[in-house]
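The values are calculated or read from the model by the stated rules, or taken from the named source; none is laboratory data. Just so we're clear, the structure is a prediction, and the values are computed from it rather than from any experiment. Backbone-built Cβ (ideal geometry, glycine too); neighbour counts: all protein chains shown. Remember, those area values only see protein heavy atoms, side chains included, never the ligands or the DNA or RNA. Shrake-Rupley method; radii C 1.70, N 1.55, O 1.52, S 1.80 Å.
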Amino acid sequence: MKILVTVKRVEDYESKIKVKPDKSWIVTEGVNCRANPFDEIAVEEALRLRDAAMPSEVVIVSCGSAAAATEIRSALAMGADRGVLVKFDGAGPQSLDPDAAARLLQKVIEKEKPDLVLMGKQAVDDDSNVTGQLLAEYLGWGQATFASKRESLESEEEKAKKPGIAIEGGTAKVWREVDGGLERLEVALPAIVTVDLRLNVPRYASLPNIMKAKKKPIDELSPVALGVDTTAKVRVLSVEAPPARAGGQKVPDVATLVQKLKTEAKVI
Amino acid sequence: MANSILLIAEAHEGKLKKATLSALAAAREIAVRTSGNVVGLIAGHGIDGAAKELAAHGVRVLAADSAAFAHVLAETYGQLAAEAAKKTEATYVVAAATSIGKDVMPRVAARLGAGVASDVIGLSGEGATVHFRRAMWAGNAIATVEVTTPVKCVTVRATEFAAASAATGGSVEAFSFTPSAAKTKFVEFVPVKSARPELTEARAVVSGGRGTKGDFTLIEQLADELGAAVGASRAVVDAGWQPNDLQVGQTGKVVAPQLYIAIGISGAIQHLAGMKGSKTIVAINKDADAPIFQVADYGLVADLFKVVPELIAEIHKAKV
Ligand SMILES: Cc1cc2nc3c(=O)[nH]c(=O)nc-3n(C[C@H](O)[C@H](O)[C@H](O)COP(=O)(O)OP(=O)(O)OC[C@H]3O[C@@H](n4cnc5c(N)ncnc54)[C@H](O)[C@@H]3O)c2cc1C
């Protein structure tokens with residue numbers, strides 16, 4: 001089985017994000033980058049599925065600047081087999097929009113012909129949650145978004161590193177996190193599956209694997225070579241800081257709290 | 001009908017989802033600014049009641065009532081909505097950013113060659129030029145975006161648009177469309193059963209975090225005392241203490257109730273992204289430096305196991 005996993009280089013969610021004074025974008029100087037956490041979950045799932053169905057291959061694809069090779073390398077250090085970087089130099093408001101990314105990925109997938117594509121459900125920079133769905137439609141494939149599992153992340157199944165997605169008879173069976181509960185879908189392969197937080201806990205790269213990853217190949221492609229026009233369908237015109245909340249008031253005890261909720265906030 | 005704003009409505013157990021009425025409010029605003037008309041699309045099996053409910057809001061409703069749409073599959077719903085958009089010459093396609101809206105809308109957009117602005121929290125721009133405001137980086141920045149394609153797809157965050165009111169002039173007509181066979185099959189749905197109000201629609205929400213150590217008895221008692229919904233932080237849900245569906249935050253549910261009580265929750269930015277819009281925020285945490293206190297209108301530094309029982313008793317007294 002061939003599994004393709006997309007990985008996006010994003011600002012570290014632990015960094016302090018500030019808007020630029022000219023409101024064109026956020027301040028990126030001094031902000032660390034890392035792989036989108038949802039994508040790491042996708043990589044972990046791919047590795048578990050691969051190891052349960054050898055011989056298989058896990059290919060990591062990233063669309064972005066040369067720096068995104070770092071995130072591909074991290075996924076290779078987790079255990080993935082090889083990488084593809086679709087190099088695109090636009091940054092800030094000129095970054096790829098999800099639609100352009102989906103169309104680039106479509107071309108890569110048409111070349112690579114994977115059986116399964118795993119992606120994060122959203123990237124924690126633009127928080128769009130659309131790329132996987134766009135890609136599925138462009139490919140004419142089935143999709144299962146927000147993949148999860150019924151067992152918790154502290155369950156025996158998770159400790160045994162069992163995959164949450166079941167591959168059987170040319171289909172993927174997927175539990176999805178939807179409003180009001182969990183839904184089970186069966187999707188014919190090849191398919192797009194986007195992953196949610198409860199699918200697994202991604203592994204850390206071991207030192208020997210980090211060394212090995214240095215020798216794994218990363219191919220480079222470009223939008224031009226793939227024949228994709230990267231003009232954005234959604235453009236960011238400006239960004240601003242969210243409205244601040246005037247919080248911070250403390251109350252000494254429960255009685256005061258209840259009294260304030262009743263007379264000041266009038267919510268009880 | 002030229003220049004329509006196609007609203008993808010959602011029915012749940014035969015009834016119109018409240019989030020759809022928030023999406024309708026956004027659709028109406030776009031219609032007024034672009035001199036368009038809102039057309040509703042509702043699909044499912046046995047959706048008569050929901051279709052009428054939507055029509056009672058002054059909307060011309062296309063109802064695709066068929067066994068083929070009994071379960072929402074992004075593939076078939078995407079085809080249907082794209083077809084309806086073409087038939088009605090839609091310039092905008094709008095839906096609520098529910099799990100269904102998020103799943104389906106990008107497929108509609110791809111079929112229409114449209115850009116999609118997701119989880120929109122407000123409209124901006126001038127007159128017929130509609131721009132969209134949406135949160136990025138876990139709500140650390142609010143972007144104004146432009147969709148540059150002739151047809152524009154939008155999912156809206158329901159908590160940011162007051163539900164549209166009833167209006168006259170609506171109608172229901174059958175819309176028949178047979179989608180090509182899906183590569184996806186519905187297997188089963190395991191609902192989270194709860195007698196409490198729905199998290200995203202509740203007037204009050206009581207959320208518990210890791211500080212509860214997994215015991216939600218007090219959280220639930222307080223919620224019931226207030227008629228509130230129960231929410232949770234990611235830590236609680238990851239541990240399997242509470243269902244996924246209760247996660248509040250950047251990647252879970254976004255809520256904006258009149259009253260949000262965070263108990264034993266530290267207040268990570270990803271959690272704040274899902275509740276910062278609440279009218280009144282109360283935080284109970286034993287760590288005086290917990291970031292949750294920075295957004296709380298009323299903070300109580302205390303051990304939750306000691307003060308929540310007192311709080312339940314006091315609120316009970318305050319009510320009688
Ligand atoms: C990609 C990504 C997405 C995420 N999305 C979300 C999301 O949508 N929602 C979300 O919530 N999180 C999300 N997170 C996780 C988030 O970063 C935090 O880890 C999480 O919110 C922490 O949960 P918590 O506050 O319950 O736990 P902790 O941070 O461990 O806080 C527990 C708090 O309880 C207090 N406490 C302990 N005992 C008591 C007591 N007896 N009485 C009173 N107080 C007590 C402690 O002082 C502490 O402040 C996300 C993270 C990532 C990386």
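Miscellaneous remarks
- Spacing of the two label points (7 Å from each Cα toward its C-beta) at B:LYS18 and A:LYS266, in nm: 2.1
- Looking at the range B:4-174 alone, DSSP beta bridges between its own residues are antiparallel in about 25 percent of cases.
- Shape of the range A:23-77 from the C-alpha gyration tensor: prolate (a/c of 1.5 or more and a/b above b/c, with a ≥ b ≥ c the square roots of its eigenvalues).
- DSSP H segments from chain B that extend 15 Å or more along their own axis, Cα-based, with Kyte-Doolittle mean of -0.5 or above: B:18-34, B:99-112, B:304-319
- Placing one equal scatterer on every Cα of the range A:2-263 and applying the Debye formula, the log10 ratio I(q)/I(0) at q = 0.17 Å⁻¹ is -1.33.
- Per-residue [θ]222 nm for chain A (sum of -39500 (n - 2.57) over DSSP H runs n ≥ 4, rounded to 500): -8000 deg cm²/dmol
- Annotation for the range A:177-248 versus the range B:15-34: alpha-carbon center distance of 30 Å.
- Inter-centroid distance (Cα atoms) of the range A:40-86 relative to the range B:66-126, Å: 31
- DSSP beta bridges in the range A:2-263 [antiparallel fraction, %, rounded to 5]: 40
- The range A:1-95: equivalent-ellipsoid semi-axes (sqrt of 5 x gyration tensor eigenvalues, Cα, Å): 30, 13, 9
- Where N is the number of residues in the range B:48-113, Cα Rg divided by 2.2 N^0.38 Å: 1.11
- Beta bridge orientation in chain B: antiparallel %, DSSP, nearest 5: 20
- Candidate lysines - alpha carbon under 16 Å from B:LYS17, same-chain residues fewer than 8 apart omitted: B:LYS52, B:LYS102, B:LYS253
- Computed over chain B, Cα set: Rg, Dmax in Å: 21.0, 63
- Residue pairs exceeding 19 angstrom between C-alpha atoms, taken from B:LYS87/B:LYS185; A:LYS87/A:LYS107; A:LYS266/B:LYS319; A:LYS173/B:LYS183; A:LYS250/B:LYS276; A:LYS8/A:LYS107: B:LYS87/B:LYS185.
- Kirkwood estimate for the range B:204-319, i.e. one over the average of 1/r between Cα atoms, Å: 13.6
- A viscosity of 0.692 mPa s and a temperature of 37 °C, combined with the Kirkwood radius over C-alpha pairs in the Stokes-Einstein formula, give the range B:4-174 a diffusion coefficient of 211 µm²/s.
- When the P(r) is computed for the range A:165-268, the part past 22 Å accounts for 75% of the Cα-Cα pairs.
- Here the accessible area of the protein assembly as shown is 52 percent carbon and sulfur, with a 1.4 angstrom probe and all protein chains present.
- Using the Cβ-Cβ distance between A:ASP22 and B:GLU126 with R0 set to 22 Å, the FRET efficiency from 1/(1 + (r/R0)^6) comes to roughly 0.55.
- Listed residues A:VAL117, A:VAL236, A:THR256: farthest to the positive end of the dipole of the range A:2-263 (Cβ charges): A:THR256
- Reciprocal mean inverse distance between Cα atoms of the range B:183-239 - Kirkwood radius, Å: 12.7
- Each listed q (0.12, 0.15, 0.24, 0.25 Å⁻¹) maps to a log10 I(q)/I(0) for the range B:9-75, found by the Debye formula over equal Cα scatterers with no solvent: -0.30, -0.46, -1.00, -1.06.
- Rounded to the nearest 20, the Cβ-based charge dipole of the range A:176-220 about its Cα centre (Lys and Arg +1, Asp and Glu -1) stands at 500 debye.
- Computed as a quarter of the hull surface, the mean projected area of the alpha carbon convex hull for the protein assembly as shown stands at 26.2 nm².
- Rounded to the nearest 20, the Cβ-based charge dipole of the protein assembly as shown about its Cα centre (Lys and Arg +1, Asp and Glu -1) stands at 380 debye.
- The range A:1-49 - Rg (one decimal) and Dmax (whole number), Cα, Å: 14.9, 49
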